[in-house]
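Below: one structure, written as structure tokens.
We did not get these values from a lab; they are worked out from the coordinates using the rules stated. Quick caveat: nothing in here was measured; it's all calculated off a predicted structure. Cβ sites come from the backbone with ideal geometry, for glycine too, and all protein chains shown count toward neighbours.
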Amino acid sequence: MAVLRCDVHSEVLGLGTSLTVLLPEAARARDGADGPPLLYLLHGMSDDSTTWLRRTGLERHVEGRGLAVVMPQVHRSYSLDTAVGERYGTFLAEELPALVHRFFRVSDRRADTFVAGLSMGGYGAVRWALRAPERFAAAASLSGALDLAGPWSARVRPEDPHLTTRLFGGRPVAGSDADLLHLVGRADPARLPALRLWCGADDALLPANRRFAAACAAAGVDAPLEVGPGAHDWAFWDARVVDVLDWLPLRAR
């Protein structure tokens, strides 16, 4: 694998930001033009664009799969256009894919494009997939903070007591564009990508994952939740990201 750090200026954010990118060194193009399939992999609230590589065996896990991985930096934005701060939701949805396809030869087919993330990034991955189902063939969440309208305040870091104000500006989350249970209830199941959820049995976010899975079931959306031994930690995510990679519908090359 080739490992690249890409420092770019974002017009949407109005500041410099970073991507960490894994590229297969011997990717074989399909139909004479397509590059390798692409996974957007989102980080958690305490992390940055480098943490997946630093805390897991991701490079080793991806080796031989012919898959490119793009890990953007979104700080503590929950991949939202925050009430007080930057427009990370617009950056992910619009500017980031344009930058990626401008800089790297990767496939732009829906069948070859996936998104996943852990914790805050699990929320971001599912929200992106629900709001742009035409972009992704599959989306996965590991220990996702999937119910921001529910009792999630215990997960807010004590060193960032104003997080909810910066994210939402005092506006209610329930029924809004930030409420995944609301979004999945409005979604057309036939248009959505494949969805899959993983969460540890000892994770404080397990109730939120179960509430989201129940909302999916009520909406006729297939989103299996796999609960197994583990907590909200890197030992769980390092093991489960392999499950995500094995689950992705990578086409025969």
Q: Amide H neighbours of T113 under 5 Å, at least 5 residues apart or on other chains, H built in the peptide plane: list them.
A: L38, A137
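What GluC sites (Glu not before Pro) in the range 23-104 are in a loop by DSSP, with at most 11 other Cβ atoms within 10 Å of the Cβ?
Hits after loop and neighbour filter: E25.
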Q: Compute the relative contact order of the chain as a whole-number percentage, counting only Cα pairs closer than 8 Å that sit 6 or more residues apart in sequence.
A: 18
Q | Table column - 3J(HN,Hα) (Hz), the range 211-220, Karplus curve with 6.51, -1.76, 1.60, x for Gly and Pro | A | 5, 5, 4, 5, 5, 4, 4, 5, 8, x
(Q) As a test, work out the antiparallel percent of DSSP beta bridges whose residues both lie in the chain, rounded to the nearest 5. (A) 40
**Q.** Which of A83, G57, P172, positive extreme of dipole for the range 2-247 (C-beta unit charges)
**A.** P172
(Q) Quick check: the distance between the Cα centres of the range 44-114 and the range 178-253, to the nearest angstrom? (A) 18
Q | Between helix 120-131 and the chain: long-axis angle, C-alpha atoms, 0 to 90°, nearest 10 | A | 80
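Work out, in µm²/s and without decimals, the Stokes-Einstein translational diffusion coefficient of the range 10-96 at 10 °C, 1.306 mPa s, Rh from Kirkwood over C-alpha pairs.
112
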Q: Could you estimate the translational diffusion coefficient of the range 2-247 from the Stokes-Einstein equation, with Rh from the Kirkwood formula over C-alpha pairs, at 25 °C and 0.890 mPa s, in whole µm²/s?
A: 136
Q. Per residue and in cubic angstrom, what volume does the convex hull of the Cα atoms of the range 55-193 have?
A. 123
**Q.** Average projected area [Cα convex hull, the range 139-239], square nanometres
**A.** 6.9
Q: Using θ = phi - 60° and the Karplus relation 6.51 cos²θ - 1.76 cosθ + 1.60, list the HN-Hα couplings for the range 4-17 in order, rounded to whole Hz, with x at every Gly or Pro.
A: 10, 10, 10, 9, 9, 9, 9, 5, 5, 7, x, 7, x, 9
**Q.** Per-residue ³J(HN,Hα) for the range 44-54, Karplus 6.51 cos²θ - 1.76 cosθ + 1.60, θ = phi - 60°, Hz, x for Gly and Pro
**A.** x, 5, 8, 10, 9, 5, 9, 5, 4, 6, 6
